[in-house]
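Participant: Structure below; questions to follow.
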Amino acid sequence: MNNIVIDLHSHSTISDGLLSPRELINHAHNKNVNVLALTDHDDIAGLAEAKKEAERVKMTFINGVEISVTWRKRTLHIVGLRFDSSNENLKKNLSLIRKGRNTRAQKMAHSLGLAGIGNAYEGAKKYARSGTLGRIHFARFIVEQGYAKDIKSVFKKYLIQGKPGFVEHEWASLGDAVQWINDAGGSAVIAHPGRYDMGSKLYPVLFDEFKELGGAAIEVISGSQDPSQTKYFSECASKYDLLASCGSDFHGPGISFREMGKPQPMPPAVTPVWRDWHEVHASFQ
Ligand code: AMP
Ligand code: MN
Ligand code: MN
Ligand code: MN
């Protein structure tokens, strides 16, 4: 019963993953994942295809999205889970964020141009669906052009604060993102909290405010987070009365922080975000 594998954070070609929603489901299935959420950046266009394929392979599928948020001048990611994907307000606001992504991409390309990397907008676009242009697509273009040997080194020399290709961007507010998710019947989760590097003073402020705004959970386990932080975030979950989530943040075979299907175990002290989700409990049988 405890062997069930739950992964509530993953990406497809709809945003910056390498596998289509259908391929992602099959990959997860082959890695023995029992419950999967597809959480593309600011886009839910892959959910229908993923759900259909999950039904075919008899895997439990959870609707998801990863919303880009600006909080106190920092970019945070808020995962929304198990919402109604036909919710018009959520769809409308995600489409506005994607418009902002496009404007940001043009500015990023301009900045890369000043550093001698030309045609980056068109180059990045080749790797993306229109609308969800993100830093990874630029990173792939930069590698293609030979300015860096791999994606990892791109994110050292380019696209990060203080380096060519980085632009400040105002995303959604934390309160708005939580509200859109809640109004669509879902649960809001702070994605990979360990990646924000906020220091021990600011984390409590964030968790407190997130709870106050109606947030449900934090990713205690994340493939893109140092496992040594699990204990701290588990304690935070208990302290701020938040549930715990778990996800690989898978982007594609070989390029991800972590493969699917091998999550660290959830600490026994936390309450999982899927506590009341009947379809997850059904997968335990
Ligand atoms: P964006 O939302 O367009 O700013 O892009 C954020 C995405 O870039 C993340 O979801 C990751 O997929 C990717 N990313 C950011 N930093 C790194 C890194 N150091 N290595 C690999 N991918 C990264
Ligand atoms: Mn990504
Ligand atoms: Mn993220
Ligand atoms: Mn992610």
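The values are calculated or read from the model by the stated rules, or taken from the named source; none is laboratory data. Everything quoted here is computed from the prediction, not taken from an experiment. Note: ideal-geometry Cβ built from the backbone for every residue, glycine included; neighbour counts use all protein chains shown. Keep in mind that these areas ignore ligands, DNA and RNA; they rest on the heavy atoms of the full protein, side chains included. Shrake-Rupley method; radii C 1.70, N 1.55, O 1.52, S 1.80 Å.
Participant: How many residues does region 24-60 contain that are within 24 Å of GLN264 (Cα to Cα), part of a helix (DSSP H, G or I) and either away from ligand 4 (no atom under 16 Å from the Cβ) or out of contact with any Asp or Glu (no Cβ under 9 Å at 6 or more places or on another chain) (or both)?
Facilitator: So the answer is 6.
Participant: Another one. Going by the conditions given, is GLY134 at pLDDT 95 or above, away from ligand 4 (no atom under 16 Å from the Cβ) and not assigned by TED's automatic domain parsing to the domain that holds PRO272?
Facilitator: Considered against the rule, which asks whether it is at pLDDT 95 or above, away from ligand 4 (no atom under 16 Å from the Cβ) and not assigned by TED's automatic domain parsing to the domain that holds PRO272, GLY134 comes out as no.
Participant: If I filter region 30-50 down to residues being closer than 20 Å to SER245 by Cα and away from ligand 1 (no atom under 16 Å from the Cβ), which single residue comes out as most open to solvent (accessible area, probe 1.4 Å)?
Facilitator: ASN32
Participant: Right, another one. Within region 174-213, count every residue that is open to solvent by 60 Å² or more (accessible area, probe 1.4 Å) and within 16 Å of ligand 4 (Cβ to nearest atom).
Facilitator: The number of residues fulfilling the criteria is 1.
Participant: Are there any pairs, at least 6 apart or on different chains, whose C-beta atoms fall under 6 Å, with the first in region 63-78 and more than 28 Å from ILE25 (Cβ to Cβ) and the second more than 10 Å from ligand 3 (Cβ to nearest atom) and open to solvent by less than 10 Å² (accessible area, probe 1.4 Å), and if so, which?
Facilitator: From residues that are more than 28 Å from ILE25 (Cβ to Cβ), the pairs are TRP71/LEU174.
Participant: Here is a further query. Looking at region 8-18, can you tell me whether even one residue there is of a type in the set (Asp, Glu), touching a residue at least 40 places away in the same chain (Cβ under 8 Å) and over 21 Å from VAL178 (Cβ atoms)?
Facilitator: At the first step, the residues of region 8-18 found to be of a type in the set (Asp, Glu) are 16.
Retained after the next criterion (residues that are touching a residue at least 40 places away in the same chain (Cβ under 8 Å)): 16.
If we keep only those that are over 21 Å from VAL178 (Cβ atoms) too, we end up with 16.
Yes, the conditions are met somewhere in region 8-18.
Participant: Kindly list the number of the only condition in (1) in contact (Cβ under 8 Å) with a residue 40 or more places away in the chain; (2) more than 16 Å from ligand 2 (Cβ to nearest atom) that fails for HIS110.
Facilitator: Status for HIS110: all satisfied but (1).
Participant: Quick one: in region 192-231, which of the residues that are hydrophobic (A, V, I, L, M, F, W, C) and part of a helix (DSSP H, G or I) is farthest from ligand 2 (Cβ to nearest atom)?
Facilitator: First pass over region 192-231, keeping only residues hydrophobic (A, V, I, L, M, F, W, C): 198, 202, 205-207, 210, 213, 216-218, 220-221.
Next, from what is left, pick out any that are part of a helix (DSSP H, G or I): 202, 205-207, 210.
Numbers: LEU202: 23, VAL205: 26, LEU206: 21, PHE207: 23, PHE210: 21 Å.
Looking at the filtered set, the residue picked out is VAL205.
Participant: I would also like to ask the following. Looking only at region 266-285, which residues are part of a loop (DSSP other than H, G, I, E, B), over 20 Å from the mean Cα position of the chain (by Cα) and touching a residue at least 40 places away in the same chain (Cβ under 8 Å)?
Facilitator: PRO267, VAL270, TRP277, PHE284
Participant: Go through region 249-261 and count every residue that is modelled with pLDDT of 85 or more and either open to solvent by 40 Å² or more (accessible area, probe 1.4 Å) or away from ligand 4 (no atom under 16 Å from the Cβ) (or both). Reasoning before the result, please.
Facilitator: Step one: of region 249-261, the residues modelled with pLDDT of 85 or more are 249-253, 260-261.
From what's left, either open to solvent by 40 Å² or more (accessible area, probe 1.4 Å) or away from ligand 4 (no atom under 16 Å from the Cβ) (or both): 253, 261.
Adding up the residues that qualify gives 2.
Participant: Sort through GLY123, GLY100 and tell me the only one that's surrounded by 15 or more Cβ atoms within 10 Å (Cβ to Cβ) and either within 29 Å of HIS281 (Cβ to Cβ) or under 20 Å from the mean Cα position of the chain (by Cα) (or both). Let's see the steps before the verdict.
Facilitator: Numbers: GLY123 fails: either within 29 Å of HIS281 (Cβ to Cβ) or under 20 Å from the mean Cα position of the chain (by Cα) (or both).
The match here is GLY100.
Participant: Which count do you get for residues in region 143-166 that are touching a helix residue (DSSP H, G or I) at 6+ places or on another chain (Cβ under 9 Å) and under 16 Å from LYS107 (Cβ atoms)?
Facilitator: Selection size over region 143-166: 7.
Participant: Condition test on SER95, is it under 22 Å from GLY46 (Cα atoms) and more than 17 Å from the chain's Cα centre (by Cα)?
Facilitator: So SER95 does not fit the description; no.
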